[in-house]
C-alpha cells in the first residue's frame, strides 16, 4: 500500500500520472500527528492507491490546434487536481474529456507523433503513436473497470 | 482474384504494404461463407495506416508491422443491420438474442487481439500487476473472451497459466457443433456464425498460446471420470436425485474449479491461485470455496464496436509503448469468421485472408507457421514475397493443392481469354481434326475414376458410363487418346500425366484450369481457337460440328469459353470486366431491355450479356453479386413462380455432386439460377444509392 503523496521512482520521466484511489478503512484506528503533536484528523479521510499509471508521451502532442489542446488539457487535469476533495474527483468526471477526445479523433484533429520512449532505437522509423488515442483507450478501460465502485477517486498530475 | 497462397503473418505484411501503396485508407470486412447469403461481406469499418513517410514502401511495411494504424470500427447498430441482411433474418425481434451474441463475439475478437482490454473486477485489477508468482486457471469464457490473452500479454511471467482439460473439451465441442451445423442441409445461419466465432476463435487462442507466445501453459488432468457426465446425460438414479445430470454446464464449471483447488492444494504456502472467468456463477462458486476469482465482465459489443482503436497503445501497467502488428489483428478475424478482406478505398485493390472455407485445406504445419490462405486483386507481390531473400521468416508460401473457385471479378493472367494470332475465320473448320461425341458428364466421371484408381479395366469403364457394350466406349477412348490423356495397355486404361490436373480442375470446379487441360485435345483446341478469334457478337458456324454439337457445346459452356444461345449459335464469352465496369454494363443492358415496367426477364438479360458483351452467365452471376455487395449497383428480383415457357434456353455448368463431377442444366429463364435460394424470374438493376 502506498499513501497519497508518495513519490514514484520514475515520476520525472512521466508527462502524465494517473492514480486511482479508494477510501481506506484501517483494521485498527490510526492517529497522525504533526511535529507539535496536534492531531491531523481521524481515519475517515484516508485514501489508498489502488492503481497508478504513467504516460511518458505528451498526451496532447498530436493535437495541432492550440484551443483544442488547451480545452482537452483543461478537461483532463483541472477536475482531478489532488487538492480537490476525493468526493469531487469521481471516475465519471472523466467522461467529458473522453467525449471530447473521441470527437477530436473521429474528426481527424489528432496526428501521430514520434514517441519519446523509442525515438533513439530506429533512426529511419522511430516508434510513433497517436498519444491522445492511446490515452483515451487507457482511460476508457479504467472508467469501465472502476466507474461503479463506491469510494473511488482519480488524481491526475 | 489470384489463386490462394499460404502466407505467414510476416510474409503477408509485404502484401499489405503493397495494398496500402494504393492509398492508406482501407475498408475491412469479414465473411462466413455458409452463413452469409450471396457471398456477402460484413463491413467492420475503415482502417487507416499512418506510415512515417506517406507512400514510401519501407515506411508502409514498417507501419503494417508495428501497428501504425487507426481503425474506426463500425457501430453496433450498423453491424446489426448488416447482419440482419447477411443472415437473411426474417424476424429481427425474435433473433435479437442471437444477433447480440454475434456482436458480443465480434467484440471478443477485438479483446483477444489486444485492441481493447477486458473490463476487470476492480478488486482483481487492484492486485495487478502481480508482485509475486500467481497461478491463473482459465475457464472457457476466459479463453474465448480475451481474458487469457490479457493475462499472457500483461501479467506474464508473474502469472503462470493453467488451462484445465475440460476447457479444451468444451471448445472441441463447439467446433464439432459448428461443423455439424455447416454440413446440415438446412443452414441455421445465425447459429452457424455463433458456433464458428466461438469454436475457431477459441481454438486459435489455445493454439496461439501453445505455439507462438512465450507463455508457459500448464494443463491439468481430467480428474476422475466426469467427462462422460459432462457431455451426456447420466441416468444413474443416485445422480439423478442430485439433479446433477441436468446441470451439465455447471458440472463442467465444477471441474474447472476443482482444477484450481487441486493446484492450490499442491502449491507452496503463499502461492496464490486465481480463477480467470467472466462467468458470474463460477466466480461466486470460487469465492465461496476460497479461490480468488480473476473476474472480468462478459465482453459486449459496445466494448469494441463504434470505437476508434489503434495498433500502438500504451501498456496498462508499465506505461511503455505496445505495438500490435496489423497482420495479427487480421489473422484473428480471419480465423474467427473464416475470411477477412481489406479493400482499398477505390475498391480496385483487395487482399483476402482465409482460414476456413470450401476446398481450403489444413494441416498441422499451418498452425505451427501460423499460415493462412491469402489471395489478392490488383496487388503485386502476393507470390513474389515468398521468395524474397530479405524475408526473415524463411517460410515459403505454398500453393494450395486444390485451386479455389474464385468469387471476385478480375481479369487475371489465368483467366485471360485465349488469343490466337492471325486467326480470322469465324468458321469452325474440322477438316483435319476428328470430332468426337462422348457424353461430357460420363467423360468427366471416367477422368475422375482414372485419377482415383490409376487404371481401369474395360469392364470398369463400361460400368462407369453405363454402356451396354465395349462399343459404347469408343468415343471416350478416342477423345482421351487424341489428347494424350490415356494409354491402353493390355486392355487396361492407364492415365497419363494430363489426367491429374484435369481431375483436380473438375473437383475444384475451376473452369480456366479445365480449359487449359482440355487444350491438349486437338478438337477442343480447335473449338477454343476459333471462339477466341471470333469478334464478340458473331456466332460460330456450326456446319462442321453437327456430329458433336452437344459435346462441344457442353465443353464450351463448362470451360466458359462460349455459350450456345437458342436458335442463334455459339457465342464467344472471354470477357471478365472489373466490378465497376460490369456495374455500368449491367445497367446499360437492363435499360435496353426494359420496356417501361422496370423489370426484365433474367434470362434475356443474361443472354444479352453473352451476345453483346461476351460475358458468360456464370461470370455475370458472380460479377452481379460482387458489384451488388460493393454497392456499385442495386439489384431487385421478382417472381416466385418458375417460368418454364423458355425452357429451351439452357446453359450447362460444371458442379460437384457427392464428390463426383456433374453437368447441370441451368434454365436461364426459370428464375432459380441467378441468386441462390431466391426467386429471380425478373430482375431490376439500378445505380448505387445516392
query = Given segment B:123-182, what whole percent of its Cα pairs are spread farther than 15 Å?
reply = 56 percent
5 Å-binned pair-distance histogram of segment A:61-157 (Cα, whole percent) = 2, 13, 20, 21, 16, 13, 9, 4, 1, 0
message = Give the average, rounded to an integer, of partner chain Cβ atoms located within 10 angstrom of each Cβ in B:303-310.
response = 4
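For segment B:275-323, compute the orientation-averaged projected area of the C-alpha convex hull (one quarter of its surface), in nm². Let's see the in-between values first.
Details: hull surface 19.0 nm².
Directional mean of the projected Cα hull area for segment B:275-323 stands at 4.8 nm².
How shielded is B:313-325 by partner chains, expressed as the average number of their Cβ atoms within 10 Å of its Cβ atoms? Each step should come with its number before you reach the end.
Numbers: counts 8, 14, 2, 7, 3, 4, 15, 6, 10, 2, 4, 0, 0.
Average neighbour count from other chains, rounded to a whole number: 6.
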key: Shielding by partners, peptide A:136-145 (average Cβ within 10 angstrom, other chains)   = 6
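Per residue, how much space in cubic angstrom lies within the convex hull of the C-alpha atoms of segment B:579-686?
Values: hull volume 12.0 nm³, N = 108.
With only Cα atoms used, segment B:579-686 gives 111 Å³ per residue.
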key: residue A:111-residue B:165 FRET efficiency (beta carbon distance; Förster radius 60 Å; 0.05 resolution)   = 0.75
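Work out, step by step, the length gained on full extension between residue B:434 and residue B:497: first 0.36 nm times the residue separation, then minus their alpha carbon distance; give nm to one decimal.
Numbers: separation 63, 0.36 × 63 = 22.68 nm, distance 2.25 nm.
Difference between extended and current length: 20.4 nm.
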key: Two-site FRET efficiency, residue B:665 against residue B:520, from Cβ-Cβ distance with R₀ of 30 Å, rounded to 0.05   = 0.70
query = Please state the equivalent ellipsoid semi-axes for segment B:1-116: what are the square roots of 5 times the Cα gyration tensor eigenvalues, largest first, in whole Å?
reply = 31, 16, 13
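Short version: what are the Cα gyration tensor semi-axes of segment B:440-572, square root of 5 times each eigenvalue, largest first, in whole Å? Please report the intermediate quantities before stating the final value.
Working: eigenvalues 154, 50, 30 Å².
They are 28, 16, 12 Å, listed largest first.
Stick to Cα atoms and the Kirkwood definition of Rh, then tell me Rg/Rh for segment B:296-337.
On the way: Rg = 12.4 Å, Rh = 12.3 Å.
Rounded to two decimals, Rg over Rh is 1.01.
Using per-residue counts of other Cβ atoms within 10 Å, averaged over each peptide, order B:362-368, B:331-337, B:627-633 from highest down. Walk me through the intermediate numbers first.
Values: B:362-368: 12.4, B:331-337: 26.4, B:627-633: 20.6.
Ranked by mean Cβ neighbours within 10 Å, highest first: B:331-337, B:627-633, B:362-368.
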request  = Please work out how much length the chain gains when fully extended from residue B:453 to residue B:211, using 0.36 nm per residue of separation minus the C-alpha to C-alpha distance, in nm with one decimal.
outcome  = 83.2 nm
remark   = Here the FRET efficiency for residue B:481 versus residue B:183, based on Cβ atoms and R0 = 51 Å and rounded to 0.05, is 0.80
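Semi-axes of the equivalent ellipsoid for segment B:46-175, please: Cα gyration tensor eigenvalues, times 5, square-rooted, ordered largest first, whole Å. Write down the numbers at each step before the final one.
Values: eigenvalues 173, 152, 37 Å².
Square roots of five times the eigenvalues give 29, 28, 14 Å.
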ask   = Taking a label point 7 Å from the Cα of residue B:568 along the Cα→Cβ vector, which residues of segment B:606-635 have an amide N closer than 19 Å to it?
value = B:606-624
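May I ask you to order B:164-171, A:16-23, B:483-490 by the average number of other C-beta atoms within 10 Å around their residues, highest value first?
Top to bottom by mean Cβ count within 10 Å: B:164-171, A:16-23, B:483-490.
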query = log10 I(q)/I(0), Debye, Cα-only segment B:249-351, no solvent, q = 0.12, 0.15, 0.19 Å⁻¹?
reply = -0.70, -0.91, -1.06
key: Point-to-point label distance, residue B:288-residue B:542, nm (Cα→Cβ direction, 7 Å offset)   = 8.0 nm
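Considering Cα pairs under 8 angstrom that are at least six residues apart, work out the relative contact order of segment B:481-585 and quote it in whole percent.
20 percent
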request  = Sort B:44, B:342, B:148 so that the residue with the fewest other Cβ atoms within 10 Å of its own Cβ comes first and the one with the most comes last.
outcome  = B:342, B:44, B:148
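Looking at the P(r) of segment B:46-89, how many percent of alpha-carbon pairs lie beyond 13 Å? Working shown, then result.
On the way: 587 of 946 pairs.
The answer is 62 percent, as a whole percent.
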Point-to-point label distance, residue B:88-residue B:268, nm (Cα→Cβ direction, 7 Å offset) = 6.2 nm
inquiry  = Modelling each spin label as a point 7 Å along the Cα-to-Cβ direction, I'd like the residue B:78/residue A:74 distance in nm, to one decimal.
reply    = 3.1 nm
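Before anything else, pin down the relative contact order of segment B:579-686: Cα pairs under 8 Å, at least 6 apart, normalised by residue count, whole percent. Present the calculation step by step, with values, prior to reporting the outcome.
Numbers: 165 pairs, mean separation 35.9, N = 108.
Taking the mean separation of contacting Cα pairs over the length of segment B:579-686, I get 33 percent.
Every number here is computed from the coordinates shown, using simple stated rules; none is lab data. Computed from a predicted model, the values in this text were never measured in an experiment. When we count neighbours, we look across all protein chains shown, and the Cβ atoms used for this are built from the backbone with ideal geometry, even at glycine.
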